[in-house]
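The next block holds one structure in the form of structure tokens; read it before the comments.
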Amino acid sequence: MRNVLAKLSETGRATRYDSVSMALHWITVTLVVLLWSIGQSIDFVPKGPLRTDYISLHIVFGLLLGLVLLARLVRYVTGQVKPPPPVDHGLLLYVAKGTHGLMYVLLIAAIALGIKLTWVRGDLVFGLVQLTSFAPGDTALRHYIGKSHETVANAILLVASLHAAAALFHHYVLRDSTLQHMLPHLRKETLHM
């Protein structure tokens, strides 16, 4: 369903993403920051039930991120996402598209590695569900998958930071409407304060 609130440009195309696309974008951002923060601080949580719950929270948020990403991809493939006309042309347009593609690849890789790590470890989720380990005692495999998951997660944060910096560069240096495409309900004068 198209968002009836999206403004239309002179060409008849929306000048902003629809509200569902914006919501899914910002849910993704929130989950990525939460997951990365939990992943970076897990070792500081004492072993026992609290750490089990902390890891379980990471697992649940990771699965939720997977569902959100799946919803985003399904909406894109089925033509439900109507992006506004691009502000960039030439090289910057290719860089923007490449960055988005890389972000999706990294998100899919992080989720797949997280699922694999959970199965290799055989985690206990919130003290309620014991997942069967597919490689009990294989610490080398667990370490390899864990480090790969961590590396991809760090790459996601790096690419996302560059993405955010590019949006701010567009807004404050190039003074175009790129940032407004994904910000809900902000008037132009509010953004220039």
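The values are calculated or read from the model by the stated rules, or taken from the named source; none is laboratory data. Given the structure is predicted, the values throughout are model-derived calculations rather than measurements. Glycine also receives a Cβ, built like all others from the backbone with ideal geometry; neighbour counts cover every protein chain displayed.
Applying the condition of being surrounded by 14 or more Cβ atoms within 10 Å (Cβ to Cβ) and among the polar types (S, T, N, Q) to the range 41-63 and asking which residue is nearest to residue 106 (Cα to Cα) yields 56. In the range 78-92, the residues that are exposed (fewer than 15 other Cβ atoms within 10 Å of the Cβ) and basic (Lys, Arg) reach residues that are outside any loop (DSSP other than H, G, I, E, B) and at pLDDT below 80 with C-beta atoms within less than 9 angstrom, at least six apart or across chains, in these pairs: 82/14.
Of all residues in the range 55-94, exactly one satisfies the criterion of being among the aromatic types (Phe, Trp, Tyr) and modelled with pLDDT of 95 or more, namely 61. Every condition in (1) in contact with a helix residue (DSSP H, G or I) (Cβ under 8 Å, 6 or more places away or on another chain); (2) part of a loop (DSSP other than H, G, I, E, B) holds for residue 69 except the one numbered (2). Scanning the range 130-146 for residues that are of a type outside the set (A, V, I, L, M, F, W, C), outside any loop (DSSP other than H, G, I, E, B) and surrounded by fewer than 13 Cβ atoms within 10 Å (Cβ to Cβ) yields 130, 139, 143.
For the range 152-181, the candidate set comprises residues that are surrounded by 13 or more Cβ atoms within 10 Å (Cβ to Cβ) and β-branched (Val, Ile, Thr); within that set, the residue that is farthest from residue 105 (Cα to Cα) is 178.
If we scan the range 109-118, do we find a residue that is within 22 Å of residue 148 (Cα to Cα), part of a helix (DSSP H, G or I) and among the basic types (Lys, Arg)? Scanning the range 109-118, I find at least one residue that is within 22 Å of residue 148 (Cα to Cα), part of a helix (DSSP H, G or I) and among the basic types (Lys, Arg), so the answer is yes.
Take the residues of the range 105-129 that are at pLDDT 95 or above and of a type in the set (Gly, Ala, Ser): which is surrounded by the fewest Cβ atoms within 10 Å (Cβ to Cβ)? Filtering first and then ranking leaves 112. Residues of the range 163-187 that are closer than 19 Å to residue 32 by Cα and modelled with pLDDT under 80: 182, 183.
When the residues of the range 64-77 are filtered to those that are crowded, with 17+ Cβ neighbours inside 10 Å and either free of Cβ contacts under 8 Å to residues at least 40 places away in the same chain or touching a Ser or Thr at 6+ places or on another chain (Cβ under 9 Å) (or both), which remaining residue is nearest to residue 21 (Cα to Cα)? Taking the candidates together, the pick is 72. Could you tell me which of the residues 158, 117 is out of contact with any helix residue (DSSP H, G or I) (no Cβ under 9 Å at 6 or more places or on another chain) and under 24 Å from residue 57 (Cβ atoms)? Answer to the selection: 158.
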